[in-house]
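Written below as structure tokens is the structure these notes are about.
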Amino acid sequence: MAAPAAGVRPAVAVQMLFVLFGVLIAALFPFLSLFLDGKGLTAGQIGVVIAGMALARMLLSPMWGHLADTTIGRRAALQIGALGGAAAALALFAVHRYAGIVVAAFALAGLTATMGPNVDAIALEYLGDARMNEYGRIRGWESLSYAGTCFVVGFVLQQVGVRWSMPIFAAGSLAVFVWSALAITADRPAHKAEHGRLGAVGAVFREAPRYWVFLLASLFVWTGFNAAWNFIGLRIERAGGGALLIGVGAMLGGLVELPVMRSSSRLSGRYGLRPVYVAGCVVYAAGFLLWGLVEDPTVLSALTIFEGVGFSLLFTTTVVVIGRMLPSTLYSTGQSLSLTVGFGIAPIVGAGLGGAVFDRLGPAALYVGASALALVGGAVAWGALSAPTLSRPARDVEAVP
């Protein structure tokens with residue numbers, strides 16, 4: 001397994017990974033649609049670019065997960081993504097033709113698709129089975145970093161132009177590479193046994209047959225999310241806001257993530273993973289609906305706190321659900337498949353069609369649809385997470401003989 005290097009406290013090694021990963025995420029996602037808009041793209045073209053990025057994640061995430069769990073190890077997979085992501089971000093910064101933008105964005109998404117799942121896999125290995133429910137507390141460091149960076153980056157981009165978000169992202173990626181080289185030891189997969197058809201991906205579904213249903217729930221939820229989130233920047237801008245207001249909104253969402261993520265272990269311990277996940281779906285549905293109904297840019301910016309609350313409940317619960325369903329030898333693959341659905345397939349539908357709906361029918365239609373999808377995802381998840389280890393409070397599960 002990937003482990004903290006000698007001389008570096010284990011908690012510090014893992015927490016700093018989350019801090020640095022939060023920096024690069026903050027430089028990309030809140031400002032991506034605005035960055036592409038600055039390149040002269042229409043909302044429909046932006047949707048195509050984002051859908052292309054999702055396609056890259058869908059195609060490459062399972063491969064990265066398989067390689068990390070069976071061949072190259074989690075640190076190496078993380079470092080490949082960090083270096084490749086930095087190069088792709090600088091290419092996206094430099095190109096101006098639409099075709100070049102599509103290609104560079106595809107490469108950026110495909111290469112960085114290996115980063116998040118392996119950071120999470122390293123964290124789960126560090127926590128172990130006994131402390132797995134504490135994932136939200138350690139993941140809170142990324143939320144704190146994300147919130148602060150969103151404000152700083154939003155202020156900087158307001159002064160120098162949104163196109164500079166890509167060099168900032170590249171710098172964050174390089175920082176992840178350097179820290180992983182200094183603080184995380186190189187790892188070898190725990191075993192290289194033959195997994196049969198589809199390799200480690202097939203092994204995931206043999207270990208946890210109900211994972212298919214959970215991924216279906218994720219598809220509904222994250223399709224709604226991607227339709228809503230990828231155009232909130234344009235929504236704020238066209239209502240009269242700018243990069244600073246978008247950054248402030250993202251900062252507020254990140255700030256509220258911190259206490260919610262840190263309390264997620266207590267919530268899942270008291271109520272169970274299933275109710276917490278479904279609560280996240282309901283929060284998303286309410287937030288998306290309000291994003292479509294409100295017209296004031298400042299209020300829209302403030303309403304991004306719904307994204308922070310919903311994301312915290314859904315993301316932390318998802319990581320722990322995967323940890324409960326699968327053995328540690330399949331953590332990277334399980335996390336990668338979740339990324340494939342939530343940030344691969346879902347954005348193809350959500351962002352791809354969302355841009356067309358935004359252009360032709362207006363934001364209200366887009367956000368009402370996104371809200372409905374989040375509620376459908378919650379209903380499917382309620383059935384998918386019915387196993388006692390997922391639906392009951394932790395203390396009740398431990399009491400079962």
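The values are calculated or read from the model by the stated rules, or taken from the named source; none is laboratory data. Keep in mind it's a predicted model, so treat the numbers as computed, not measured. Heads up, the Cβs are rebuilt from the backbone with ideal geometry, glycines too, and the neighbour counts pull from every protein chain shown. Side chains included, ligands, DNA and RNA excluded: accessible areas come from the protein's heavy atoms. Shrake-Rupley method; radii C 1.70, N 1.55, O 1.52, S 1.80 Å.
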Checked the stretch 366-394 for anything modelled with pLDDT under 90, more than 21 Å from the chain's Cα centre (by Cα) and either of a type outside the set (Gly, Ala, Ser) or more than 20 Å from GLY280 (Cα to Cα) (or both); matches are PRO388, THR389, LEU390, ARG392, PRO393
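Here's the yes/no breakdown for (1) under 30 Å from THR42 (Cα atoms); (2) in contact with a strand residue (DSSP E or B) (Cβ under 6 Å, 6 or more places away or on another chain); (3) not in a helix (DSSP H, G or I):
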{"site": "SER145", "(1), (2), (3)": "no, no, no"}
{"site": "THR149", "(1), (2), (3)": "yes, no, no"}
{"site": "SER165", "(1), (2), (3)": "yes, no, no"}
{"site": "ALA170", "(1), (2), (3)": "yes, no, no"}
{"site": "ALA181", "(1), (2), (3)": "no, no, no"}
{"site": "ARG188", "(1), (2), (3)": "no, no, yes"}
{"site": "ARG206", "(1), (2), (3)": "no, no, no"}
{"site": "PHE225", "(1), (2), (3)": "yes, no, no"}
{"site": "GLY240", "(1), (2), (3)": "yes, no, yes"}
Among the residues that make up the stretch 380-394, is at least one of them open to solvent by 20 Å² or more (accessible area, probe 1.4 Å), part of a helix (DSSP H, G or I), at negative phi and of a type in the set (Phe, Trp, Tyr)?
yes
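Would you point out which residue out of THR329, THR333 is polar (S, T, N, Q) and surrounded by fewer than 24 Cβ atoms within 10 Å (Cβ to Cβ)?
Checking each option against the conditions leaves just THR329.
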**Prompt:** In the stretch 372-383, is there at least one residue being within 16 Å of SER33 (Cβ to Cβ) and not charged (D, E, K, R)?
**Reply:** no
The helices (runs of 4 or more DSSP H) lying wholly within the stretch 1-90 that contain at least 1 residues that are open to solvent by 10 Å² or more (accessible area, probe 1.4 Å) and under 15 Å from ASN118 (Cα atoms) are 10-28, 43-70
_When you check LEU255 against the structure, is it closer than 17 Å to VAL153 by Cβ and either touching a residue at least 12 places away in the same chain (Cβ under 8 Å) or not in a helix (DSSP H, G or I) (or both), yes or no?_
yes
From the option list VAL103, VAL119, VAL153, single residue qualifying as open to solvent by 20 Å² or more (accessible area, probe 1.4 Å), part of a helix (DSSP H, G or I) and β-branched (Val, Ile, Thr) is VAL103
In the stretch 209-242, anything over 19 Å from the mean Cα position of the chain (by Cα) and open to solvent by less than 10 Å² (accessible area, probe 1.4 Å) is listed as LEU234, ILE236
Pairing a residue in the stretch 157-185 that is closer than 17 Å to ALA77 by Cβ with any residue that is of a type in the set (Phe, Trp, Tyr), where Cβ atoms lie under 7 Å and the two sit 6 or more apart in sequence or on different chains, gives VAL176/PHE21
Exercise. Would you check if there is a residue in the stretch 194-208 being more than 20 Å from the chain's Cα centre (by Cα) and more than 21 Å from HIS66 (Cα to Cα)?
Key: no
Filtering helices (runs of 4 or more DSSP H) wholly in the stretch 275-347 for at least 3 residues that are within 12 Å of the chain's Cα centre (by Cα) gives 305-325, 331-340
Going through (1) surrounded by fewer than 21 Cβ atoms within 10 Å (Cβ to Cβ); (2) closer than 26 Å to PRO297 by Cβ one by one, ARG270 fails only at (2)
(1) farther than 23 Å from ASN133 by Cα; (2) in contact (Cβ under 8 Å) with a residue 40 or more places away in the chain all hold for GLY362 apart from (2)
Of the listed residues (ARG360, ARG274, ARG266), the one being more than 19 Å from LEU32 (Cβ to Cβ), of a type in the set (D, E, K, R) and modelled with pLDDT of 85 or more is ARG274
When PHE358 is run through (1) more than 19 Å from the chain's Cα centre (by Cα); (2) open to solvent by 30 Å² or more (accessible area, probe 1.4 Å), the failure sits at (2)
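Every residue, every condition in (1) touching a helix residue (DSSP H, G or I) at 6+ places or on another chain (Cβ under 8 Å); (2) farther than 30 Å from ARG270 by Cβ; (3) of a type in the set (Val, Ile, Thr), yes or no:
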residue: THR114; (1), (2), (3): yes, yes, yes
residue: LEU124; (1), (2), (3): yes, no, no
residue: LEU127; (1), (2), (3): yes, no, no
residue: ILE138; (1), (2), (3): yes, no, yes
residue: LEU144; (1), (2), (3): yes, no, no
residue: LEU157; (1), (2), (3): yes, yes, no
residue: LEU174; (1), (2), (3): yes, yes, no
